[in-house]
Amino acid sequence: MEAIKNIIFDLGGVLLDIDYHKTAKAFSDLGVQQFDALYSQANANHLFEALETGTISEDAFYQSLQGYCRPETSRQQMQSAWNAILLNFRKESLSELDQLKKKYNVYLLSNTNSIHLTAFNQILLEQTGNPSLNGYFIKSYYSHIIQMRKPYLATYEWVLQDANIIAGETLFIDDSINNIIGAKEAGIQTHLLLPTETIQQLQF
């Protein structure tokens, strides 16, 4: 096993606490049936995948989502339900990034979307005074911006090439087993972050 020179971090469940159940319940309250079948940690249907790869606009997303909700549901209600998944940043983990940057090339690779990016940047600003996560990383790769998402092999290969880093010298940390499997296929070293773990507890 090669020595690690680069670390790629996931965002939700690693640096930012998230709760899929809060969003699922919020949409259930808006009349959506079986939201978990549409979007969960392990799965995203065509609508949510399109949002996370930037191939659908926010307006088009809300228009399509409206079809799953009660007819009187407002855009604001849908936005609030969608953002309910986002909780607080792990400030100790963000501090750990500042230490890791001294020794490793540190990157972010997140399946996200323009709606959540706006929302979690606001949470970050309120919690830390920082307007974005960019200062913590050499580069942040957001799925809706690069128009590719995990767990597809091509996504990892594209990021490795863009960052000009070697797979075997790279560690990928994510809380989703599907994303870990995808990274392994690309030859990247991996660590599945368990619900009981934080990155500051890991031995690099």
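The values are calculated or read from the model by the stated rules, or taken from the named source; none is laboratory data. These numbers come from a predicted model, not from an experiment. Cβ: placed from backbone, ideal geometry, glycine included. Neighbour counts: every protein chain shown.
The requirement of being under 26 Å from Ile199 (Cβ atoms) and without any contact (Cβ under 8 Å) to a residue 24 or more places away in the chain is satisfied by Tyr39. Selection of strands (runs of 3 or more DSSP E) fully inside the range 86-204 by the criterion of at least 1 residues being hydrophobic (A, V, I, L, M, F, W, C) and either in contact (Cβ under 8 Å) with a residue 40 or more places away in the chain or farther than 25 Å from Ala44 by Cβ (or both) returns 86-89, 105-110, 170-174.
Results for (1) on the phi > 0 side of the Ramachandran plot; (2) β-branched (Val, Ile, Thr); (3) surrounded by 20 or more Cβ atoms within 10 Å (Cβ to Cβ), shown as yes or no for each residue.
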site	(1), (2), (3)
Gln63	no, no, no
Arg75	no, no, no
Ser95	no, no, no
Tyr104	no, no, no
Ser110	no, no, yes
Asn121	no, no, no
Leu124	no, no, yes
Ile146	no, yes, no
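You will find that of Ile85, Ile8, the residue that is within 13 Å of the chain's Cα centre (by Cα), closer than 16 Å to Asp174 by Cα and not charged (D, E, K, R) is Ile8 and no other.
Note on the range 27-48: residues that are polar (S, T, N, Q) and either over 19 Å from the mean Cα position of the chain (by Cα) or not assigned by TED's automatic domain parsing to the domain that holds Gln66 (or both) amount to 3. Scanning the range 1-28 for residues that are in a strand (DSSP E or B) and over 30 Å from Met78 (Cα atoms) yields Asn6, Ile7, Ile8.
Looking across the range 29-45, the residues that are assigned to a helix (DSSP H, G or I) and either basic (Lys, Arg) or loosely packed, with under 15 Cβ neighbours inside 10 Å (or both) come down to Asp29, Ala37. On the basis of being basic (Lys, Arg), under 27 Å from Leu171 (Cα atoms) and modelled with pLDDT of 95 or more, does Lys22 make the cut? Considered against the rule, which asks whether it is basic (Lys, Arg), under 27 Å from Leu171 (Cα atoms) and modelled with pLDDT of 95 or more, Lys22 comes out as no. Gly54 passes every criterion in (1) part of a loop (DSSP other than H, G, I, E, B); (2) modelled with pLDDT of 95 or more; (3) under 18 Å from Cys69 (Cβ atoms) apart from (3).
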